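**Student:** Mind having a look at this structure? Questions to follow.
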Amino acid sequence: MTGGPTPDPITAAAEQGRICALVAHGQRGLRRVAAAHPDLFPADPFDATLFGSIASAMAFSAPWHTAAELAVTNRAVLWGFAVDWLVDQRATSRAEVDRIARTCLDVLDGASTTDPLGRFLAELRDDVATAPGYAALRGRWRTTMEHTLDAMAREWTWRRTGRPTLAEYLANADNLAATVVNVAHWIHTGSVADTAALDRLIEVGDEVQRALRLVNDLGTYRRDAESGDLNALLLVDDPAEVERRFAEQVDHCRVLLAKLADEAPREADFLSRQLGFTTGFYRHTDFWGVR
């Protein structure tokens, strides 16, 4: 026997349809944003499938939000992809990587710029800044952005000077840009009221980010091996070790998320759904197309 009533398929499908509507709004919004910044988002690799995948990830992770709320989060994710592409695929010197980082941090400090990435981030900054808690929480967004940019620069250097250990690589998981996006999302949507609450979410979110780093690598190994990108599977003798570490990290996250649910149930649900969606997604495909 099964416990509980059988879910009504019409009601269940209606909810899935509502989430897919959020995806449709999100994808169209990202296409408009990319069209307004053609120097930053060329059609290859920033194609419609990437926009749809970003919109799907956020809609299924936070389906209780409106399309307008998720539009800002989607753009924060797109910023992360833009930085990743510029650092991994376009930067030819550490000085160039450092310039990208300085531009982004200066923008969060209020600067204006003609740099394409900086202009895009300034628009995002101005929208996030409309949140009532922005003045108090802005410093946390800047700190997580600095961590992300430092981690991307560190990986850029590793690719040219020698591979890190798996432990060092996982300690550098901020290069995935998941936590920095989450912080912008939490600030803009008013999910947190003070720095202590945000710090707690960041603490758990960083552990989820490490799990995401591993499942990302499991899904992109072939592409990374061909392009020369770092990947956890390239740092171990036995690929099964990465699967094992991923399973352990997910179990660790389950414990942390269960505790967080008592303090911040919706944010714990957000991180849980983010982990679940990303795990399912990377087992079958990748955000990027041909790079």
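The values are calculated or read from the model by the stated rules, or taken from the named source; none is laboratory data. In this text, all values refer to a predicted model and were calculated from it rather than measured experimentally. Cβ coordinates were reconstructed from backbone atoms using ideal geometry, including for glycine residues, and neighbour counts include every protein chain displayed.
**Student:** Restricting region 203-246 to residues that are within 18 Å of A177 (Cα to Cα) and of a type in the set (G, A, S), which is surrounded by the fewest Cβ atoms within 10 Å (Cβ to Cβ)?
**Tutor:** Here the residue is G219.
**Student:** Taking the residues in region 27-75 that are of a type in the set (D, E) and farther than 18 Å from T285 by Cβ as candidates, determine which candidate is nearest to the chain's Cα centre (by Cα). Full working, then the answer.
**Tutor:** In the first step, residues of region 27-75 are kept if they are of a type in the set (D, E); the result is 39, 44, 47, 69.
Within this subset, residues satisfying the condition of being farther than 18 Å from T285 by Cβ are 39, 69.
Values: D39: 22, E69: 16 Å.
That would be E69.
**Student:** Kindly provide the set of residues from region 66-84 that are closer than 22 Å to T279 by Cα and either among the aromatic types (F, W, Y) or not in a helix (DSSP H, G or I) (or both), ordered by number.
**Tutor:** W79, F81
**Student:** If you go through region 200-230 one residue at a time, how many are at pLDDT below 95 and of a type in the set (D, E)?
**Tutor:** So the count comes out to 3.
**Student:** Give the number of residues within region 85-110 that are farther than 15 Å from R160 by Cβ, surrounded by 13 or more Cβ atoms within 10 Å (Cβ to Cβ) and in contact with a helix residue (DSSP H, G or I) (Cβ under 8 Å, 6 or more places away or on another chain).
**Tutor:** Total meeting the criteria: 9.
**Student:** Hey, R223 hits all of (1) under 21 Å from V87 (Cβ atoms); (2) touching a helix residue (DSSP H, G or I) at 6+ places or on another chain (Cβ under 8 Å) but one; which does it fall short on?
**Tutor:** Going through (1) under 21 Å from V87 (Cβ atoms); (2) touching a helix residue (DSSP H, G or I) at 6+ places or on another chain (Cβ under 8 Å) one by one, R223 breaks only (2).
**Student:** What are the residues in region 215-238 that are outside any helix (DSSP H, G or I) and without any contact (Cβ under 8 Å) to a residue 12 or more places away in the chain, if any?
**Tutor:** Going residue by residue through region 215-238, those that are outside any helix (DSSP H, G or I) are 228-231, 236-238.
Across region 215-238, the qualifying residues are D237, D238.
**Student:** Please enumerate the residues belonging to region 104-118 that are part of a helix (DSSP H, G or I) and more than 20 Å from the chain's Cα centre (by Cα). Even if it seems obvious, please write down each step before you answer.
**Tutor:** We begin by selecting, within region 104-118, every residue part of a helix (DSSP H, G or I); these are 104-108, 116-118.
Listed by number, the residues that qualify are D106, P116.
**Student:** Kindly indicate whether any position in region 11-21 is outside any loop (DSSP other than H, G, I, E, B), at pLDDT 95 or above and hydroxyl-bearing (S, T, Y).
**Tutor:** No, that holds for no residue.
**Student:** Filter region 242-291 down to residues that are farther than 27 Å from R200 by Cβ, assigned to a helix (DSSP H, G or I) and of a type in the set (A, V, I, L, M), then give me how many there are.
**Tutor:** Final tally of qualifying residues: 1.
**Student:** Further, regarding this structure: Output the residues belonging to region 247-291 that are exposed (fewer than 15 other Cβ atoms within 10 Å of the Cβ), of a type in the set (A, V, I, L, M, F, W, C) and over 28 Å from A48 (Cβ atoms).
**Tutor:** A247, V255, A258
**Student:** Just need a number here: residues in region 30-52 that are assigned to a helix (DSSP H, G or I) and either surrounded by 21 or more Cβ atoms within 10 Å (Cβ to Cβ) or not small (G, A, S) (or both). Show your work before the answer.
**Tutor:** Our first condition is that a residue be assigned to a helix (DSSP H, G or I); within region 30-52, this holds for 30-36, 48-52.
Those left that are additionally either surrounded by 21 or more Cβ atoms within 10 Å (Cβ to Cβ) or not small (G, A, S) (or both): 30-34, 49-51.
The number of residues fulfilling the criteria is 8.
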